[in-house]
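Read through the structure below, which is laid out as structure tokens, and then see the notes.
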Amino acid sequence: MLVSFPEDSILTKHIIKLKTDATIVEIEAKSEWRFEVAFEQKLLIKVVEGNAEIFGTELANDIEYKFTGAKASIYTHEGCKLQYQGEVSSEYISEETEMGHYINLHLALENIRNTAGSKAPNVLILGAKDSGKTTLAKILSSYALRMDRQPMLVNLDPSNSVFSIPGSLTATPISDIFDVEEGWGNTYTSGPTLLHPKQPNVRYYGYDDINTNLKFYKENISRLGLTALSRLQVDLDIKRTGMIVDTPPLGLKNIDLIQDIVSDFEISVIVVVGNERLFIDLRKKFNGRLSLVKIPKSAGVVEIDDAFKRKLQQRAIREYFHGTASTPLSPYTANVDYKYIKAYKPASGNTSVDAGFNPSIDQLGYDLSAVTGDAKSKSKLIESVENNSANLLYAVVAILHADKKDDEDVVARSSVFGFAVISGADDDKHFVRILLPVPGRVPDKAMIVGEFRYTE
Amino acid sequence: MDEKDLQNIGEDFYTNMEDLTFNSRPIITNLTIIAEENTQAAPYIVKAVEKRIDKALHTQKLFAFYLLDSICKNIGSPYTLLFGDNLFKTFTSAYVSLDDPTRKKMIDLFKTWLTAKNSSGLPLFPQEPVKKIEEFLIRVSSIYQKRVTPPRQSPTPTSTPPMNTQELINLINSITLLSREKLRVFPSDTESLKKLDVLSKVKQVIESQGMDYTELLKVKTMLQDMYKSEEEALKKLLAVQQQQQSPAMNNMSVPIPMPMEQVSVAPEHPLKRQFQQFVNTGSNPLGLAPIGNLLVPPKSNYEQLFQKLIKVKLIKYKRQRLPTKQFLKSLLSTPRTTTNTTTNTTTNTTTSTTSPLKNRPLITIDLSQFDINSSTLLKNTTTSYDTFHQLMFVDKPNKCAQCGKRFGKTDREMKLRADHLDWHFRVNSKLNQLGNSGAGSAGNSGLAMSCKAWYLDDVAFFKFRDLEVFYSDDGSNITTNGDLHDNKGTNTTSVSNVKHYVPVPESSLDMQTQCGICRETIKGQYDDDLGEWVYKDATTGNSNSGKVFHWSCFSEANPQVNNRSVSAGIKRKFEYE
């Protein structure tokens, strides 16, 4: 079970005065400045001269950008001068970037988009953990955007929080620039924001690891693919640009899943980052049916350790409810009787009710269903959760579009309406205290409980 | 799908285009989509569009061009290439048949082609036809540019309401009078007889309303010239007549013999002299310079003038260039312009048309070398850096100072940029507003400052178009709170629906409190929707003091929240409950 990290929210909500002097960094053309800022640190960066970009998104000049809990790099195409103020865990300039390859890849994709009669490329990015997949996805989306295109960015890695909270899978048309401070940026679920918000389609899988419940994960992927493709068919801006699909770390053993993704999202280009073996294997598998390219792993990628990742996830949840320092939101708390709550959890395939919260058992459960075929488990994707404090307390729940009276089938297929946190559960008095993003009564809808927990 | 089917698509496309009799965005968008969906029939669709441009009434040709433009800019290849083949012919042959306002629109359209790039940064059309059109326009630019400029520079001639034919007829009548007078003095003047004949014919044509505005303008200038020359001629004749009687009285410095036989060419001379004067002094007190010019080609051959008028009307394509030029010169110089400014505007305008071309990068961007295969991707070539630099920076020189987003140089992009800056402004002021009244209390339960919304369902997501929201209005309206689940799909709700209430604190014993402003009692009520006890239409303001106010009292006392407030009637209504 994931335990919540009590966040010291003061750190991110209020400006801490640091008496450090401003430091100037000069970056030569085609180099990047890599930096790490811990969660308790705060870094202010300003581009003083030249043009600089973070993961493809260009920075405005003479505007201060704030970073907290970030590992990022600033690339410059023609050289630039930065000024930074605050504490950094590490910082250095490197000339060894993969940007040249990324640019080549971008131009090649652009070439396909321009070629008469050919479909815009739907790109799948594969690679090992910490190989720079998400960075590449972000850069490719940014570059497409900068050429006045509108890519659809799909995140299939549930441990990432892309325009949503962790545990979810999203498809987001990228219609305006990313927020470099927040990582991705705001959605329409926030209030007025400094940059144009995005409107994602969200599915809730509920676990950090795809193997925890691979079947439910696959179901969500194919549903997401269906929605994304149908939007792509009718939205010409997106249709002309195509999709960019980011994935969790997948390897040879996930070849079936890769094939599923390829067909669910009508993938036409696969980019393998730093995994020669997977590249060769996929080449045999797909043998000319789609474009397959490899790109070396970036020297700049840093290992994101689990603790850092959990903090990122907790921050994403907090920001969903409370907004960011620049655009704070106040969520709403309501008390409702147990009878108003109808929660499900992904069916574990194992009969034990509690198994869903134990990744090791789930791993076994998946193996079983894979071996025994789908005969038994096909019937159920999700199962009902009993309302009690053991199951619900501090749980992050996804409120679905499906009505709570709907069939399980309908519920399992439904996309996410919003998220809530059960912040209190009283088994004696039979009521829960629920944290909602939007004021009003608790929506009359079905909910999905995953493994994520959150406390204020 | 075989050739026949493709041909049918083209024919259907042509039929659909016949609806394009007015400037209709829906029709153009629709046809563009059809074109996009049928790229395999591109050659036939292109033929259809070209045919439409050729066959359409000259008042409707422009809209067909807008369609061509829309197809090329939205779809690009292969349409750009196919249209490129005949672009020069299509453009120029249509251009010459259009009237002046429409020509201006055509020029505006063409200017966008100079700067427009397809998505990869390549010029929209192949270089060659664009260059030829450019040359063509430069050749006729002294016409079209100046034709464009005078409305701004000299309001006198064109700012007058569209010319009525009566004005012309009056003019003709005066000329007729003059000629009659001349005829009376010199009954042997056969030219004047002819002229009278021609004038009556012209009058008929004008009265038949068969001419359009520009043609009328031309006729007007000619008639004015004729009137002036006629007047001069008459004066001269009278002077000569007087001279014959008493030569000393003749003040005319240039000795011009005025035999009666030559009466027809007589008008030329005094004007010419005046023109000389004007050139010499550089001033133009009478604004007659162009008339001097004008008189050179047509002389006083009225038959020819009439022929020309007929031609302008009937086979105007061929003849138009000549009269327009003169007409324009006259227009330009009429009130105040000197030759200097005339040449200035000429050079200015020509450079402005050519400059986009000159500023254009010399390297043409060809992305075809960037193949999607591992070996090309792994090459670290300078070409890719250069191409990238060209696309990302050179082609988009206008960087937003606030967020770093870049915009290109085309009119369309400048418009987008303006919208973008407006958007920043609106959002910033909105956030400031919220920051003043709400951020301070964010986190405590009082003021419902959160403006959250739910995610869209699949159907709404399918229908959602990001860019439409951006450029429709605020774009942030959409997020201002609301029970989305109650009105699914329509995700805009107005701020005034926000409920103002304060939950009754658990410490409260009597479930009532006093408004901190008007001292009236506020009673707690159970709200079914919220599922808890609340003080309705109340707020804690932005203080942490625990005081509760009527929302209406509070918003009256704090003007900055007023614009987001609800109607003042709420307090009353509450009291009656």
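Taken together, the values in this text are just the output of simple stated rules run on the coordinates, not laboratory data. Note that this is a predicted model, so its numbers are computed, not measured. Here the Cβ is made from the backbone with ideal geometry for all residues, glycine too, and neighbour counts use every protein chain on show.
Per-structure values
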| read-out | value |
| --- | --- |
| MRE, 222 nm, helices only [DSSP H, n ≥ 4, -39500 (n - 2.57), over chain A, to nearest 500] | -8000 deg cm²/dmol |
| Residue order, fewest to most beta carbons within 10 Å, for A:Ser164, B:Ser384, A:Ser90, A:Ser268 | A:Ser90, A:Ser268, B:Ser384, A:Ser164 |
| q = 0.15, 0.16 Å⁻¹: log10 I(q)/I(0) that the Debye formula gives for region B:1-67, counting C-alpha atoms only | -0.41, -0.47 |
| At q = 0.26 Å⁻¹, base-10 log of I(q)/I(0) for region B:67-134 (Debye sum, equal scatterers on each alpha carbon) | -1.26 |
| Relative contact order [Cα under 8 Å, 6+ residues apart], region B:3-139, whole percent | 23 percent |
| Packing-based exposure ordering (other Cβ within 10 Å, fewest first) of B:Thr383, A:Thr241, A:Thr57 | B:Thr383, A:Thr57, A:Thr241 |
| Calculated on alpha-carbon atoms, Rg and Dmax of region A:9-96 in Å | 12.6, 38 |
| Sequence-separation-based contact order of chain A, relative, with Cα cut under 8 Å and 6+ spacing, percent | 16 percent |
| Cα-derived Rg to Rh of region A:201-254, Kirkwood definition | 1.04 |
| Longest to shortest principal axis, alpha-carbon extents of region B:3-139, angstrom | 43, 34, 24 |
| Calculated from backbone phi, Karplus (6.51, -1.76, 1.60) coupling profile of region B:170-178 in Hz, x at Gly/Pro | 4, 4, 4, 4, 4, 4, 4, 4, 4 |
| Compactness relative to 2.2 N^0.38 Å, alpha carbon Rg of chain A | 0.98 |
| Volume per residue that the Cα convex hull of region A:99-295 spans, once the total is divided by residue count, Å³ | 113 Å³ |
| Cβ-derived FRET efficiency at R0 56 Å, B:Asp54 paired with A:Glu95, nearest 0.05 | 0.45 |
| Contact order relative to length of region A:99-295, as percent, for alpha carbon pairs under 8 angstrom and 6 or more apart | 29 percent |
| Per-residue Cβ neighbour rank within 10 angstrom, fewest leading, B:Thr521, B:Thr102, B:Thr539 | B:Thr521, B:Thr102, B:Thr539 |
